[in-house]
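Below is one structure, written out as structure tokens; the observations come after it.
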């Protein structure tokens, strides 16, 4: 079974803190994604990566950065957390350029910034 | 970027009845893939069904089937013989064959009444 593991299920951080959300996958997938999920807005793509050290901006990259030093790990970084970044964060991974392949998801991290 | 629209924030169905969830998308590409994902209260995203854009035949997975209308850019999900376990958020997703990213709609919350 494909496994995508996010480091925390729930996280509470203070405004201004630097926050790291970690994601690890065990299926040798090339692509990894970070989404933010908010009620009524669905999943919005923050960043994705198709290779080590490569990254592409999604629809809402402002206030976020990412790091992919190893193929299996993709980190989302909130440089200075703000209350409007309180949300559910979902990590996903998939194969690249293979027909009909879906993304596999982690269990989500519910981040609260106070 | 491609956009995915789910116009029904909430839907309700009686157990054993049939329900259809709507999804439209906007793209200029000819090669792409479409997916329906289910997110139960556990938050784990689960793939329900997938469709390749080049295939005219509608995908079917047991009680789940799609109505794919490429010219109309429409991709609806039909759930037959609805069960209590079908209650969840359902997300429609578009995956580009060109750049590998995936975009999601805002979701439809399905309630199944006993």
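Using just the Cα positions, wrap the protein assembly as shown in a convex hull and report its mean projected area in square nanometres, one decimal place.
Dividing the Cα hull surface by four gives the mean projection, 12.1 nm².
If I take every Cα pair under 8 Å that is 6 or more residues apart in chain A, average their sequence separation and divide by the length, what percent do I get for the relative contact order?
36
What fraction of the DSSP beta bridges in chain A is antiparallel, stated in percent and rounded to the nearest 5?
Here the share of antiparallel DSSP bridges comes out near 90 percent.
Can you list the residues of segment A:1-27 with backbone N under 18 Å from a point 7 Å past the Cα of residue A:52, pointing along Cα to Cβ?
Within reach of a label on residue A:52: A:23-27.
Distance between the C-alpha centers of segment B:54-95 and segment A:1-79? Whole Å please.
Segment B:54-95 and segment A:1-79 have Cα centres spaced 28 Å from each other.
Shielding by partners for A:31-42, please: the mean number of other protein chain Cβ atoms within 10 Å of each residue's Cβ.
That works out to 4 on average.
Values in this text are rule-based calculations from the coordinates and carry no lab data. Nothing here was measured: the structure is a model prediction, and the numbers come from that model. Virtual Cβ from ideal backbone geometry, glycine too; neighbours counted across all protein chains shown.
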